[in-house]
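Have a look at the structure below before the remarks.
The values are calculated or read from the model by the stated rules, or taken from the named source; none is laboratory data. Not measured: the values here are computed from a predicted model. Please note: Cβ atoms are built from the backbone with ideal geometry, for glycine as well, and neighbour counts cover all protein chains shown. All accessible areas refer to the heavy atoms of the entire protein, side chains included, with ligands and DNA or RNA removed. Shrake-Rupley method; radii C 1.70, N 1.55, O 1.52, S 1.80 Å.
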Amino acid sequence: MAGVPSLDIAEEIRSLQLDSAEVNGVINPEDAKPEEVEVDKMEEDSNDNVTISTQEMQAETSKVKDKEVPVSEDVGAPVEMEEDNKKRHLNVVFIGHVDAGKSTTGGQILFLSGQVDDRTIQKYEKEAKEKSRESWYMAYIMDTNEEERVKGKTVEVGRAYFETETSRFTILDAPGHKSYVPNMISGASQADIGVLVISARKGEFETGYERGGQTREHVQLAKTLGVSKLLVVVNKMDDPTVNWSKERYDEIESKMVPFLKLSGYNVKKDVQFLPMSGLLGTNMKTRMGKAICPWWNGPCLFEALDAIEVPPRDPKGPFRMPIIDKFKDMGTVVMGKVESGSVTEGDSLLVMPNKTMVKVLAVYCDENKVRCAGPGENARVRLSGIDDEDILSGFVLSSVARPITAVTEFDAQLQILELVDNAIFTAGYKAVLHIHAVVEECEIVQLLQQIDPKTRKPMKKKVLFVKNGAIVVCRVQVNNLICIEKFSDFAQLGRFTLRTEGKTVAVGKVMELPLGYNS
C-alpha cells in the first residue's frame, strides 16, 4: 500500500470529517457520517481551465438536450420549477483513471434517460469510425471538443443533465489524465456524489490503482473536497478478458475496500460497488438478467443513484456562491455552486473580496431560467453593477447582511501527507493553496503548535519543524485577499489542500480568521 497515508493519518482525516458533520448542521444522526466533511485534499490547480466556455456549453446544450433553452433566448417568463423542486437535485462527478470509461458511461446515461436521440448517436458512431475509434462514440456525447475526441481524453469538466423518477442530476465528467488533475479538482469541488469508474479489463485496473495511477489520487481528493458518498462502478465487465467474472469483481473490491477506508470513507454506509458495462449500457437503467451475470443480485446504476441520501443544507443561511467562471451575455454572468442560502431575481448581493454591490437580473439552473436557486444547485447568475473583467475565479457572491470574510492570513490545522523529496515543513515553506475555487500561492509564516495524533491535544514543546504524518497548527499567509470561512462555520469554504510540484502535500481546515477584517 505504498503512498497511502498511515493509520494515524486516516484517523485524523476521519476526525476532521466527523467535526465537519457536526458543523454542517446535519439533522439526522444517521446522516452524520464520517465522510461528510472530507479534509480538503484537492482544490488543485488553476481553475482557469476548469469550466466549459459559454459557446461550448451552449453547443453541448443543444446537442444533449433538445428541449433545453440556450441562455441567450431565456428572456421570457421564468420556467416554473414547481415540478422540478419536488425532485431533489444532486451533482454527480465521474472520477477515475484515464480510459476507465467515465465519458462513455456519462454518454450512455444520457442516451438511456432520453437526453440524446438515435440520430445523434448514429452521427457520433460514424465520426468515431472515421477516426478508427469505434468504441468511443458514446464518449463523444460528453467530450464535445475536437482535442478530446482525437485523443480520447477528457480535458475539461463536461456537464450534462438527466432525471430519474425521484431526482434531478447534473453530471460532471472529470478528466482522469494526470496532467489535468487541476480540472478534476474543480469538478469534484462542486459534487455531492462521486461515481468512481474502474476498468475491470486485465491490466487496466492495476495501472490505475498502483502508485502514480489516478484512481488513488482521485479518491483522496474527492474525499477532501467533500464528496461524501461514493458509487464504485466496476466497468468493462463485458470485456473478453473479464466476461462478467465474479472472481475478477471480488478481487477488485477486496483491493479497493482497505484503500477507501484509509482515505476516510465509511465503506459500509457511504460506498457501494456494482458491476456494469458503460459501452453496452448493461446494468445501468435496468437490472441485468441472470443470463448475463448469474451472481449479481444488487441494484442497477440508476437505482443506486436514486437510493443515495445526502445531508440537508440550510436554504435560509447567509448566501455564499464561490465563482468558478464568468462571461458576458447581456450583462455579466457568473457560474458556481450555491453552498449556502438562496438567490432570487432582484436580490442585492456583494461580490467579495472587492466589496462591489450587484443586483441579480436573472438566475439559471440546468439551462432553465428560474426565480430562485437554493443550496446545492449549480447556478448561473446574471448581474448588473460589475464588469466581467473585475471578477476572478475564487471570488464569492455573498449576502450583504453577512458578507464572507476576506483575509490575507489565517490560522489552520494541517495534516501533512507526503512532502516532496522528504522536505522539512517549517516557517518559510511555500506551496499552492486550493480552497473552494481559489488557487493562490501561500507561505507558512509560523508554526503555532503540534497536535499529538493519539490524544488530539496540543503538545507542550515549542515546534520549529515537522515531517510527514504530523498534525500542526500554523499561520498561513497569501499575497492577495481571499474569501474563506472558518471550517466550523462553513465546512465547504474552510477546507483546503496544499500542493507542490503537482502533488498534494497537506490537507487542512481553517481554524481562526484574524479580527478586524470586513469590518
Checklist entry - Residue by residue, what Karplus-based ³J(HN,Hα) values in Hz, rounded to whole numbers, does region 417-434 have, using 6.51, -1.76 and 1.60 with θ = phi - 60° and x for Gly and Pro? => result 9, 8, 6, 5, 6, 6, 5, 9, 8, 8, 4, x, 5, 10, 7, 9, 8, 10
Item to check | Projected label distance in nm at Ala291 and Asn480, using a 7 Å step from Cα toward the beta-carbon | outcome: 6.0
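Order Thr282, Thr497, most accessible first, counting only protein heavy atoms with a 1.4 angstrom probe.
Values: Thr282 25, Thr497 0 Å².
Listed by decreasing accessible area, they come as Thr282, Thr497.
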Next on the checklist: For a quick check of understanding: with a 1.4 angstrom probe and all protein chains in place, what accessible area in square angstrom does Ser245 have, to the nearest ten?
Outcome noted: 30
Checklist outcome for this item: Interchain or sequence-distant (5+) residues whose placed amide H lies within less than 5 Å of the amide H of Asp239 are Trp244
Checklist entry - Residue separation times 0.36 nm, minus the C-alpha to C-alpha distance between Lys255 and Lys268: what's the value? => result 3.1 nm
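Going down the table (Lys229/Lys326; Lys87/Lys123; Lys87/Lys229; Lys223/Lys285; Lys129/Lys290), which pairs top 22 Å between alpha carbons?
Beyond 22 Å between Cα atoms: Lys229/Lys326; Lys87/Lys123; Lys223/Lys285; Lys129/Lys290.
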Checklist outcome for this item: Heavy-atom accessible area with a 1.4 angstrom probe orders Glu165, Glu512, Glu204, most exposed first, as Glu165, Glu512, Glu204
Checklist entry - Using a basic spin-label model with each label point 7 Å from the Cα along Cα→Cβ, how many nm lie between Arg119 and Leu361? => result 3.4
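Report, in debye and to the nearest 20, how large the dipole of region 292-360 comes out about its Cα centre when Lys and Arg carry +1 and Asp and Glu carry -1 on their Cβ.
That gives a dipole near 460 debye.
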Item to check | Farthest toward positive dipole pole in region 348-499 [+1 Lys/Arg, -1 Asp/Glu at C-beta], among Leu448, Thr426, Ala373 | outcome: Leu448
Checklist entry - Taking a probe of 1.4 angstrom, what is the accessible area of Glu251 in Å², to the nearest 10? => result 70
Checklist entry - In region 249-332, with Lys and Arg counted as +1 and Asp and Glu as -1 at Cβ, which of these residues, Met276, Leu305, Pro315, has the Cα nearest the positive end of the dipole, that is, farthest along it? => result Pro315
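As an exercise, use a Förster radius of 45 Å and the Cβ-Cβ distance of Leu464 and Glu247 to find the FRET efficiency, rounded to the nearest 0.05.
It comes to 0.30.
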